[in-house]
Every structure is written in C-alpha cells, then in structure tokens.
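Here is the structure we will look at, set down as structure tokens.
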Amino acid sequence: MAACAESDPDAPNGYKRASNDTVDYYLYVPESWVIDTVEGSQLTSARVSEIDSSNISMMAFTDSDMEYATIEDYWEYYKASVQNVFDVTVNEYGESSTSFELINAATSEEEQDGDTYVMGGAAARKYVYTATLGGVELKYMQMIALREHTFYILTYTAHASSYDESTALGVVDNISFK
C-alpha cells in the first residue's frame, strides 16, 4: 500500500490527506493514522495504526443509468446485499438470520433509516449498524452522499468495543470535493 507522500498545505490542523489525484474529493484523516490508499485507486482508506485495525474508507459509485433516485434507494439496495456478507446464526428451530443489525432504523413507515447529515456540502445520510464477521463483533458507520449522479460512500469500521464515532465524524467534517 502506498501513502500520499506529498504534504498538503490545505490539510486541516491535525489531519493529513489520504486521497489521491484519481478521486474527485479530498479525504483527510488524523495525522497519526496509517494511510492505505494505493495511488491510482478509486478507493481511499486509512487505519488507526498497525495494531488497531479500525479504519475509514471512501469510494464513489457513479450511477450513470440513474438506477437509484435517492440515497435511501441506494441504501435499500446496499443493505440487502451487505447483510449476506456477515456471520449467520441458527436458532434452536433451525432458522438462520444474519448478525447485521441496523442501529438507527426507521420505526414507522413514514420514517427513513439513517440520520440526515452533510458531507462535503452535499446532503448525506448516516447509517450505523453492528455485525459479526469471522466471530468478531464490529460496529460500522456509513455516510452516503449523492452529488451529480454519484454516490459517495464513507465507511468507518471498528471493533464494537473501540468504536469512536467522534473521530469518524471529524473526518466527515473535513471532506471536500474538488
């Protein structure tokens, strides 16, 4: 993995740039984090340290066919597909269920999953969920923004016991588009 070698004079105090010239956004992470972004890649990522694998990644998905009209439409598609990735449990009746559990789920038909937010000036939704993967309990925060037919998906992943949403939201607050 290659880090961005150049320093960014526009980086907010205490942060460094994790994105590269291939993407159309600037992602800044805390200075102490290890950048995992490969030069030329469409995926930007960084982790807390060599020991702590808590991480943030960001990617862009251009919906050129305009298949998803809203963030909520995209989320419903994403949620259905991602649930199959996580560990499955089987109860005493032989019924299986995924370990995926949405924390900020809608409680009525009128409500929508997630919380309203802003990412780089674009309207966004924040989704928080837990899941078990390979026997490890994880907690996720995903922020999805829609800008000019492109969905920007930021994912913060941490062990459930070390989840620190304030750090992730600090990263989100410093995202900007080129």
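The values are calculated or read from the model by the stated rules, or taken from the named source; none is laboratory data. Source: prediction; values computed, not measured. Here Cβ is always computed from backbone atoms with ideal geometry, including for glycine, and neighbour counts include all displayed protein chains. Only protein heavy atoms, including side chains, enter the accessible area calculation; ligands, DNA and RNA are left aside. Shrake-Rupley method; radii C 1.70, N 1.55, O 1.52, S 1.80 Å.
Cβ separations smaller than 8 Å between residues 6+ apart or across chains give the following pairs from the stretch 133-150 residues that are on the phi > 0 side of the Ramachandran plot to residues that are in a loop (DSSP other than H, G, I, E, B) and among the polar types (S, T, N, Q): HIS149/SER64. Scanning the stretch 22-33 for residues that are surrounded by 18 or more Cβ atoms within 10 Å (Cβ to Cβ) and of a type in the set (Val, Ile, Thr), we see that the one that is nearest to MET141 (Cα to Cα) is VAL29. Scan the stretch 112-132 for residues that are without any contact (Cβ under 8 Å) to a residue 24 or more places away in the chain and farther than 27 Å from ILE175 by Cα and the total you get is 0. Residues in the stretch 136-149 that are crowded, with 17+ Cβ neighbours inside 10 Å and more than 14 Å from the chain's Cα centre (by Cα): ARG147 only.
Would you confirm whether any residue within the stretch 109-130 is of a type in the set (Lys, Arg) and either more than 26 Å from LYS16 (Cα to Cα) or surrounded by 18 or more Cβ atoms within 10 Å (Cβ to Cβ) (or both)? There is at least one residue in the stretch 109-130 that is of a type in the set (Lys, Arg) and either more than 26 Å from LYS16 (Cα to Cα) or surrounded by 18 or more Cβ atoms within 10 Å (Cβ to Cβ) (or both).
The single residue among LEU133, LEU154 that is open to solvent by 20 Å² or more (accessible area, probe 1.4 Å) and hydrophobic (A, V, I, L, M, F, W, C) turns out to be LEU133.
For the stretch 145-176, a tally of residues being over 11 Å from ASN55 (Cα atoms) and either of a type in the set (Gly, Ala, Ser) or in contact with an Asp or Glu (Cβ under 6 Å, 6 or more places away or on another chain) (or both) returns 8.
When the stretch 108-123 is filtered for residues that are among the aliphatic types (A, V, I, L, M) and out of contact with any helix residue (DSSP H, G or I) (no Cβ under 7 Å at 6 or more places or on another chain), the ones remaining, listed by number, are VAL118, ALA122, ALA123.
Checking each residue in the stretch 15-57 for being under 20 Å from LEU146 (Cβ atoms) and either outside any strand (DSSP E or B) or of a type in the set (Phe, Trp, Tyr) (or both) picks out SER19, VAL23, ASP24, TYR25, TYR26, LEU27, GLN42, LEU43.
Restricted to the stretch 11-40, and to residues there that are within 18 Å of the chain's Cα centre (by Cα) and aliphatic (A, V, I, L, M), the residue that is nearest to ILE51 (Cα to Cα) is VAL34. Inside the stretch 58-106, residues that are open to solvent by 70 Å² or more (accessible area, probe 1.4 Å), within 16 Å of LYS126 (Cα to Cα), in a loop (DSSP other than H, G, I, E, B) and of a type in the set (Ser, Thr, Tyr) make up a count of 0.
For the stretch 43-50, does any single residue satisfy the condition of being open to solvent by less than 40 Å² (accessible area, probe 1.4 Å), modelled with pLDDT of 90 or more and over 20 Å from LEU27 (Cβ atoms)? No - not one qualifying residue is present in the stretch 43-50.
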